[in-house]
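Everything below concerns the one structure shown next.
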Amino acid sequence: MINLIGTYECKADAKGRVMFSSALKKQLQPILNEGFVIKRAVFQPCLELYSMEEWSLMMNKLNKLNKFVKKNNDFIRRFTAGVKIVEFDAAGRVLIPKDLCDFAGIKKQVVLSSAVNIIEIWDKDNYEKAIDDAALDFADLAEEVMGNTEFDELS
């Protein structure tokens, strides 16, 4: 498992190729050659980039769902809709497929944001709006999510 740190701004070219910052590539170096999976996010208009190891862990969880339960089957189909395997090219870029760029509204300015073990890929305007929207009630959210939790129980 990898724990990523940082938020980085970069640009997408006309073909949808995104050059990752050297600081982020350095964190990804141990797994760079394994390839990655990119998909639509569930809750936000952004994309999620999983290492192959993280994707396998997620697929193991999904494989435990009973596929003869309709809502499980519907969830799996929706969760994996548009999933693609991507790799870094020789120049250190990742090509984001057009359908996924369209979903996330990615035009030119891009934000790569670490989300613990995955990377969220955002159109910069959408990212800033999501951060601004979340700031309004972040104190309440932090208290609700983390306030009643013993940190020792999380490990």
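The values are calculated or read from the model by the stated rules, or taken from the named source; none is laboratory data. Everything numeric here is computed off the predicted structure, so don't read it as measured data. With ideal geometry, Cβ positions are generated from the backbone for all residues, glycine too; neighbour counts draw on all protein chains shown. Remember, those area values only see protein heavy atoms, side chains included, never the ligands or the DNA or RNA. Shrake-Rupley method; radii C 1.70, N 1.55, O 1.52, S 1.80 Å.
Once C-alpha pairs closer than 8 Å and six or more residues apart are averaged by separation and normalised to the residue number of the range 68-148, the relative contact order reads 15 percent.
With all protein chains present, how much of the accessible area of the range 27-155 (probe radius 1.4 Å) comes from carbon and sulfur, to the nearest whole percent? Could you put the intermediate results ahead of the total?
Numbers: 4600 of 8310 Å².
Ligands and nucleic acids excluded, carbon and sulfur give 55 percent.
Once you've got the GNM for the chain with C-alpha springs shorter than 10 Å, pick whichever of N126, N66, N33 has the biggest mean-square fluctuation. Of the options given, N66 has the highest mean-square fluctuation. PRE reach from S56 (point 7 Å along Cα→Cβ): which of the range 1-34 fall under 15 Å by backbone N? Output list for this probe position: 1-2, 31-34.
Rolling a 1.4 Å probe over the protein heavy atoms gives the chain an accessible area of 64 Å² per residue. Sequence-distant contacts, meaning Cα pairs under 8 Å at least 6 residues apart, place the relative contact order of the chain at 33 percent.
The distance from the alpha carbon centre of the range 78-123 to that of the range 1-74 is 8 Å, rounded to a whole number.
Determine, from the Cβ-Cβ distance of I85 and V145 and an R0 of 35 Å, the FRET efficiency 1/(1 + (r/R0)^6), rounded to the nearest 0.05. The value I calculate is 0.60.
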